[in-house]
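Chemist: Quick one: structure below, then a few questions.
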Amino acid sequence: MHAYDPLWVKVFLAIHIGAGAMSFLLAPVALVTAKGCKQHKRWGKVYLWSMGVVAATAVPMAFFFPVRFLALVAVFSFYFAFSGYRVLRLKELARGGSAEPIDWIAAVFTFGTSALLAWLGAFRPASIEVIGVVGVVFGFIGMRVSAGQMMSFVRKPREKMFWWYTHLGNFIGSYIAAWSAFSVVTLTRVLGNQWYVWLWPTIVGVPAIVLTTAYYKRRFAPRVRATA
């Protein structure tokens, strides 16, 4: 930011940084509190809307600076948290329930922005600041998650506890994306705009999602068998 930047940019940036700092602090609190308790729900919601503010402020600033790539990352980062929250209201999908229009709109919009992100990574003009491999990786992750959500809207999920795994994985995915943006803003000044500056949170976080999901599947297996 420079002294001659417009006032609205300075205000948006201050709000963006404040909301981002809040989300970084609150995500671990929500993760370590007992699942389903009031504290978990409260801090999870605060994290969700903090990420919403981060995304809402990132988009207009991205067109001013411009760093459209970060705006697209902010959009799918918020979608991870949003879909992770919304799935708690979609438990009936496994028993023939249906999604609401807001779920379809969010998923379709995220799929489109993620496709654009992948396209920028693969066929970017020279004027756009984005590393190809990063755009492709993030774009395909965003498309896979949003497409998976839409698939669950039209096909009955096989896993009875699908909502738990989606809730857990998508919130952690949102935190990974937030760490990616933070890493770029801070570490590129030291290490340069290298692919690993962007992707190290993904490399660390995705196995964490896989292992945590596997842990809960083993934990829930006796309960699911008993119910069946």
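The values are calculated or read from the model by the stated rules, or taken from the named source; none is laboratory data. Nothing here was measured: the structure is a model prediction, and the numbers come from that model. Glycine gets a Cβ as well: all are built from the backbone with ideal geometry, and neighbour counts include every protein chain shown.
Chemist: In the range 189-221, which residues are in contact with a helix residue (DSSP H, G or I) (Cβ under 7 Å, 6 or more places away or on another chain) and among the small types (Gly, Ala, Ser)?
Modeler: Correct list: GLY205, ALA208.
This table checks each residue for (1) in contact with a Phe, Trp or Tyr (Cβ under 9 Å, 6 or more places away or on another chain); (2) part of a helix (DSSP H, G or I); (3) of a type in the set (Ser, Thr, Tyr).
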residue: PHE153; (1), (2), (3): yes, yes, no
residue: GLU159; (1), (2), (3): yes, no, no
residue: HIS167; (1), (2), (3): yes, yes, no
residue: GLY173; (1), (2), (3): yes, yes, no
residue: ALA178; (1), (2), (3): yes, yes, no
residue: VAL184; (1), (2), (3): yes, yes, no
residue: LEU211; (1), (2), (3): no, yes, no
residue: TYR216; (1), (2), (3): yes, yes, yes
residue: PHE220; (1), (2), (3): yes, yes, no
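A quick yes/no check of all residues on (1) among the hydrophobic types (A, V, I, L, M, F, W, C); (2) over 16 Å from the mean Cα position of the chain (by Cα); (3) over 28 Å from GLY97 (Cα atoms):
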residue	(1), (2), (3)
GLY132	no, yes, yes
GLY139	no, no, yes
GLY148	no, no, no
LYS160	no, yes, no
TYR175	no, no, yes
ILE209	yes, no, no
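Chemist: Related question: Got at least one residue in the range 186-206 being of a type in the set (Gly, Ala, Ser), part of a helix (DSSP H, G or I) and touching a residue at least 60 places away in the same chain (Cβ under 8 Å)?
Modeler: Scanning the range 186-206, I find no residue that is of a type in the set (Gly, Ala, Ser), part of a helix (DSSP H, G or I) and touching a residue at least 60 places away in the same chain (Cβ under 8 Å), so the answer is no.
Chemist: Pull up the range 94-116, narrow it to residues that are at pLDDT below 90 and of a type in the set (A, V, I, L, M, F, W, C), then point me to the one that is nearest to ALA177 (Cα to Cα).
Modeler: Only one residue fits best here, namely LEU116.
Chemist: Under 6 Å by Cβ, and 6 or more places apart or on different chains, what pairs join a residue from the range 142-154 that is in contact (Cβ under 8 Å) with a residue 12 or more places away in the chain and among the polar types (S, T, N, Q) with one that is in a helix (DSSP H, G or I) and surrounded by fewer than 23 Cβ atoms within 10 Å (Cβ to Cβ)?
Modeler: Taking only residues 6 or more apart or on different chains, the pairs are SER146/PHE111; SER152/LEU93.
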